[in-house]
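Below you'll find the structure, written out as structure tokens, and then a few comments.
Each value in this text was obtained by applying a stated rule to the coordinates, not by laboratory testing. This one's a predicted model, so the numbers in the text were calculated from it and none came from an experiment. Here the Cβ positions follow ideal geometry from the backbone for every residue, glycine too, while neighbour counts run over all protein chains shown.
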Amino acid sequence: METFFYIVPGLMITLALSAVVGMLRRARHISGAWNSGLTAEARCLNTYTTTSGGGGDSSVSTTLHHVYEFTTREGRAVRFEERNGPRTIVTGDVVTVRYTAEHPERATAKPPRPGRLLAEQGCMLTFFGVFIAFCLFFMLTVHAGFSMLGGDVMP
């Protein structure tokens, strides 16, 4: 029984850490594209939305996706998808994208906003830090409770 109270928070911490790594990786890619100095004109090939959540009593989240295609300076055609882009961009629009020479498929059509990116990262890191701290606190509290009861609560 006691291991259940360690396994579940441990899995939650693992998921939170993987979300942090993914968030930091994506932010690094976006920042690298902004700082590379390489730009191209891209055409928006498609826009679509996805929804998540159960509806009913739970909230539903809608995510806007854009599919872009551009040609690098070397003449390579690149198609990429970006989530949560500007809602004003529709299929057929031409936009400026920024990319790195090493990974043009990680391009972004989002305009450079390093301050906003840093603020978003700070907020998310704070959230996940508090979440992980709560899980650790819960594990320590449960451990202390089991220790005070003599180890096993089950008869």
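Quick notes on this one:
- Between helix 114-148 and the chain there is an angle of about 20 degrees, using the helix long axis and the longest principal axis of the Cα atoms.
- Identified option (computed P(r) over Cα pairs in 5 Å bins from 0, in percent; candidates (i) 2, 10, 19, 23, 21, 15, 7, 3, 1; (ii) 2, 8, 13, 13, 10, 8, 7, 7, 6, 5, 5, 4, 4, 3, 2, 1, 0, 0; (iii) 2, 8, 13, 13, 14, 13, 10, 8, 6, 5, 4, 3, 2, 1, 0): (iii)
- Computed label-point distance, nm, for sites Val21 and Val60 using a 7 Å Cα→Cβ extension: 3.4
- When only Cα pairs below 8 angstrom with a gap of at least 6 residues are kept, segment 38-111 shows a relative contact order of 35 percent.
- Chain lengthening between Leu45 and Val94 when straightened (0.36 nm per residue, less Cα-Cα): 16.7 nm
- Label-point separation, Asn35 to Ile7 (7 Å along Cα→Cβ), nm: 4.3
- Loop trypsin sites (Lys or Arg not before Pro), segment 10-111, which have at most 10 other Cβ atoms in a 10 Å radius of their Cβ (DSSP): Arg76, Arg87
- For segment 38-111, a crude dipole built from +1 on the beta carbon of Lys and Arg and -1 on the beta carbon of Asp and Glu, taken about the Cα centre, is about 140 debye to the nearest 20.
- Virtual spin-label span in nm between Val130 and Arg113, 7 Å along Cα→Cβ: 2.2
- Volume per residue of the C-alpha convex hull in segment 38-111, rounded to whole Å³: 91
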